[in-house]
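One structure is given below, encoded as structure tokens.
The values are calculated or read from the model by the stated rules, or taken from the named source; none is laboratory data. Small disclaimer: the values here were computed from a predicted structure and weren't measured. All Cβ positions, even for glycine, are placed from backbone atoms using ideal geometry, and neighbour counts span all protein chains on display. With ligands, DNA and RNA removed, areas are computed over all heavy atoms of the protein, side chains included. Shrake-Rupley method; radii C 1.70, N 1.55, O 1.52, S 1.80 Å.
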Amino acid sequence: MAAAADSAAGQNPKDDERHVLTADSDARFSEEEYEEDGEEEYEEEEEEEELDGPAAEAAERERVQSVFRRLSSNPVGIRVHDVLIKGNTKTRDELIEAEVADLLRAAPTVQDLLRAASVATARLHSLDVFDTVKITLDAGPPELPGTTNVVIEVVEAANPLTGTAGVYSKPEARSWSLEGSLKLKNLFGYGDIWDASGSFGWDQTTEVGVGVYLPRFKSIPTPLMARASLSSQDWLKFSSYKERLLGLSFGLLSTRNHDLSYNLTWRTLTDPSHVSSKAIRRQLGHNLLSALKYIYKIDKRDSHLRPTKGYAFQSTSQVGGLWNSKGLRYFRQEFDVRGAVPLGFYNAALNVGVGAGVILPLGGGFMNSTSPVPERFYLGGNSSPVCSLGGLSSLLGFRLRGVGPTEARRHVLDKPESGSGDPGRDYLGGDLAVSAFADLSFDLPLKIFRDAGIHGHAFLTAGNLAKLSEGEYKNFTASEFQRTFRSSAGVGIILPTKLFRVEVNYCHILKQAEHDSSKTGIQFSFSSPM
């Protein structure tokens, strides 16, 4: 908001001069006040014009203080006469008006208008196509007392092309990956953002994608998104299959708390090793998967990387097989709840979280059907459970996909390299999953560490998986599920940088099952700082 040089408190309605009104000034736009005080204020203005030096400064301070007293005591009625837009050489006026015009025009008082202007500034910044945004309240036409013109001045991004690159470790397919992206902003003036991204994983995981995002288009009030992607993920070490996905994704609804999208994917599962278990072999081949996903999210935490207070909740619902895809009809539901409590010493905070998920096949005899392996839940990995809101948290100390139901792989006798040893087991994931964590973060004693944001933490993680499909629900009991919970504990140091976030943790396995893959010792994690 720009600072005003004059208060409209001394404005003569017959004067043609225009005055600016912002958070530092006020206007007495009431027609009755003009009639009662017009001549007196005009005389005072003439007297003040004769003042100079310290006397003029004192008079200006008194005027500003008077404005603040009035704004803090009584509402000041006002009506927006016009919204003027300046500085947009490429961005279309209708985009800016659609984002903020109704919000500004609805304000009935000066106080409400100042608050609306602050919200409008944040909205325009969120489009990510402006370097600066300034909203000024200017006095309306002299013949329309009690009105104001809102002037929106924007400076468009000097460089519309931006890019990022980094090396990260994540709990999904990219345990280690080199990732990069390019964004071209506001190509057609609709606030449109075109992006291209790619990643290459050391575990032979690759992904490329292109997409476009429109905050608004014509009369459609919700943002629109479309994206095409091609990815290949190698799960041979964990589950004896490779997955290739060619997909289209469309954003149908996107607001602060709600997100609805539709995905159409051609999926191919192969087993080049020819040693996959029977459960995996039944699902090899290709399928066309159509799915509708809805996300409801609330995040009131003060930070996504190191929360010290607040709470967060996310629910993700997905229905797959909308086109009656054979073997791919399912319902998938996830919940994630987080909370952070400050402890009052060394900037310490206790973060706790619980996640749960279930996937059920759809169709006749669904409880005796099988669920698609790639859509099941998996636990393990070494990413931070505090930062990743959206589903099950990581189970530190356990290998990626190293927990849950397993099945022995096929022993191939005609392969000399197989020998006579155990071919291993495939991790099949679970239809029901629950995870929980507690994390105590705290500042380190040395000032050099505190200034750099380096801090320590102690953690406890737990989780479990169970199979419900193919009639296994009959053997499920809550007591057995609770008894077989896996858990780990440890301490670590977190080093945040502008390029990536580093965690160095010592993990100790407290409880595991027979075929779980875990390790007590030092673990490193590199992840995005966002």
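What to note about this one:
A quick yes/no check of all residues on (1) assigned to a loop (DSSP other than H, G, I, E, B); (2) at pLDDT below 90; (3) buried (at least 17 other Cβ atoms within 10 Å of the Cβ):
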| residue | (1), (2), (3) |
| --- | --- |
| TRP266 | no, no, no |
| VAL275 | yes, no, yes |
| TYR294 | no, no, no |
| VAL341 | no, no, no |
| GLY357 | no, no, yes |
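- Of all residues in the range 505-518, those satisfying the criterion of being closer than 25 Å to ASP426 by Cβ and either modelled with pLDDT under 85 or out of contact with any Lys or Arg (no Cβ under 7 Å at 6 or more places or on another chain) (or both) are CYS507, ILE509, GLU514.
- Being modelled with pLDDT under 70 and on the phi > 0 side of the Ramachandran plot is a property that GLY87 lacks.
- Screening the range 177-208 for residues that are of a type in the set (Gly, Ala, Ser), touching a residue at least 24 places away in the same chain (Cβ under 8 Å) and buried (at least 17 other Cβ atoms within 10 Å of the Cβ) and picking the one that is nearest to ALA226 (Cα to Cα) gives GLY191.
- Matching residues in the range 88-112 - criterion: being of a type outside the set (Gly, Ala, Ser), free of Cβ contacts under 8 Å to residues at least 40 places away in the same chain and part of a loop (DSSP other than H, G, I, E, B): PRO108
- Residue in the range 225-232 that is surrounded by 15 or more Cβ atoms within 10 Å (Cβ to Cβ), in contact with a strand residue (DSSP E or B) (Cβ under 8 Å, 6 or more places away or on another chain), at pLDDT 90 or above and not in a strand (DSSP E or B) present: no
- Test: PHE459 is under 22 Å from ALA348 (Cα atoms) and not charged (D, E, K, R): yes
- Residue list for the range 405-418, filter: part of a loop (DSSP other than H, G, I, E, B) and modelled with pLDDT under 90: ARG410, HIS411, VAL412, LEU413, ASP414, LYS415
- Odd one out for ILE152 among (1) at pLDDT 90 or above; (2) in a loop (DSSP other than H, G, I, E, B): (2)
- Residue in the range 314-335 that is open to solvent by 20 Å² or more (accessible area, probe 1.4 Å), among the hydrophobic types (A, V, I, L, M, F, W, C), modelled with pLDDT under 90 and not in a helix (DSSP H, G or I) present: yes
- Residue within the range 462-479 that is open to solvent by 20 Å² or more (accessible area, probe 1.4 Å) and in a strand (DSSP E or B) present: yes
- Within the range 298-313, being open to solvent by 80 Å² or more (accessible area, probe 1.4 Å) and assigned to a strand (DSSP E or B) holds for one residue alone: TYR311.
- Every condition in (1) open to solvent by 60 Å² or more (accessible area, probe 1.4 Å); (2) at pLDDT below 90; (3) not polar (S, T, N, Q) holds for VAL502 except the one numbered (1).
- Within the option set SER435, SER441, SER527, being surrounded by 14 or more Cβ atoms within 10 Å (Cβ to Cβ), polar (S, T, N, Q), under 20 Å from ARG399 (Cα atoms) and modelled with pLDDT of 90 or more holds for one residue only, SER435.
- Checking each residue in the range 491-521 for being among the charged types (D, E, K, R) and over 21 Å from PRO405 (Cβ atoms) picks out LYS498, ARG501, GLU503.
- Failed item, numbered, when ILE220 is tested on (1) free of Cβ contacts under 8 Å to residues at least 60 places away in the same chain; (2) buried (at least 18 other Cβ atoms within 10 Å of the Cβ): (2)
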